[in-house]
1. Sort out which residues of segment 200-229 are under 29 Å from residue 137 (Cα atoms) and not in a loop (DSSP other than H, G, I, E, B), and write them in order of number.
2. Among the residues in segment 147-162, are any surrounded by fewer than 20 Cβ atoms within 10 Å (Cβ to Cβ) and farther than 24 Å from residue 104 by Cβ?
3. Would a scan of segment 136-145 turn up a residue that is surrounded by 15 or more Cβ atoms within 10 Å (Cβ to Cβ), touching a helix residue (DSSP H, G or I) at 6+ places or on another chain (Cβ under 9 Å) and over 21 Å from residue 90 (Cβ atoms)?
4. Can you go through 156, 188, 198 and tell me which one is in contact with a Phe, Trp or Tyr (Cβ under 7 Å, 6 or more places away or on another chain), free of Cβ contacts under 8 Å to residues at least 40 places away in the same chain and in the same structural domain as residue 102 (by TED's automatic domain parsing)?
5. Can you tell me which of 90, 116, 85 is crowded, with 22+ Cβ neighbours inside 10 Å and either more than 15 Å from residue 172 (Cα to Cα) or touching a residue at least 60 places away in the same chain (Cβ under 8 Å) (or both)?
6. Considering segment 147-179 alone, what residues qualify as being outside any strand (DSSP E or B) and in contact with a strand residue (DSSP E or B) (Cβ under 6 Å, 6 or more places away or on another chain)?
7. Among (1) hydrophobic (A, V, I, L, M, F, W, C); (2) at pLDDT 90 or above; (3) farther than 16 Å from residue 204 by Cα, there is one condition residue 169 misses while meeting the rest; what is its number?
8. Just checking, how many residues over segment 230-250 are in a strand (DSSP E or B) and surrounded by 15 or more Cβ atoms within 10 Å (Cβ to Cβ)?
Amino acid sequence: MQRSSFLIAFILTLLVTASSSQDKKEQLKKKNERSRIELSFNIGYSRPLLEAYGNNMTINATVDQIFINGKRIIVSDNLGANTGYGVQGYMKYSFMKRGHVKGLLNIGYNMLTSSYPGSAGIDIGSRIQSFSIGVGAEVNPLGHEKQFYPGVFGLLRMNLVGGETYYNAGLDFFKVVPRFGYAGGFKLNYDINKTVGLYWGYTYTYDNSWGKQSEETTPVDAHVIVFRDKASPTNGLTSDRRIAYWSVYMGMNFFFQ
């Protein structure tokens, strides 16, 4: 009888211990989980690449025309920018509870610009601006199992591209045109708690990968220019003008419970 009571007590102890252990595992699992919906925002520094980059700009004596490597921007070999900045926002949906794979909806703005000494102490320069919307995916190999975790992402985007050269105010203006491109990069995430996190990252972006136009017509207004980015034998461009840049940025993640 005494032996049976001891056996029953031992079995009950094992059951209670197993139940407690399972409860702790469930609590830890719940603690590590994040909401499926997430908002993300970042701000960053951009550096122009390929034909977006230029370092030689001058203005004529009558201060009404700017030249990039001796050509006006309608036919210049590059776009004369050498720095930039951007802001990006994302809405994310996690297809897995632990956040390994997420769908992305992106909206963003980036400006590539430059500033050179002009006449009368007033700088001259150029600005190339892109307002973008896109969709893509993000992969987090570790999910949300750790407080610190890496991720990689890619986007396909439609970009509304415009810009200008300027001296005090704008001189030559690009009409805004649609272009299609992509962006991809990596990020390092750090979760402060279950609802807020920080991240740092790097992105390579090509805004006019598809949809380039040769635009053969001469503008009626000499200072309002339809953007030419595809070379042809007759439009004055010797090569395509690709709007590409890399960016480094920091931002915040917000998780919804």
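The values are calculated or read from the model by the stated rules, or taken from the named source; none is laboratory data. None of these values were measured; they are calculated from a predicted model. Neighbour counts are summed over all protein chains in view; Cβ atoms, including those assigned to glycine, are modelled from backbone coordinates with ideal geometry.
1. Selection gives 200, 201, 202, 203, 204, 205, 206, 207, 208, 209, 210.
2. So far as segment 147-162 goes, yes, one or more of its residues are surrounded by fewer than 20 Cβ atoms within 10 Å (Cβ to Cβ) and farther than 24 Å from residue 104 by Cβ.
3. No: zero hits.
4. The conditions single out 156.
5. Unique residue meeting the criteria: 90.
6. The answer is 147, and nothing else.
7. (2)
8. Looking only at that region, the number is 5.
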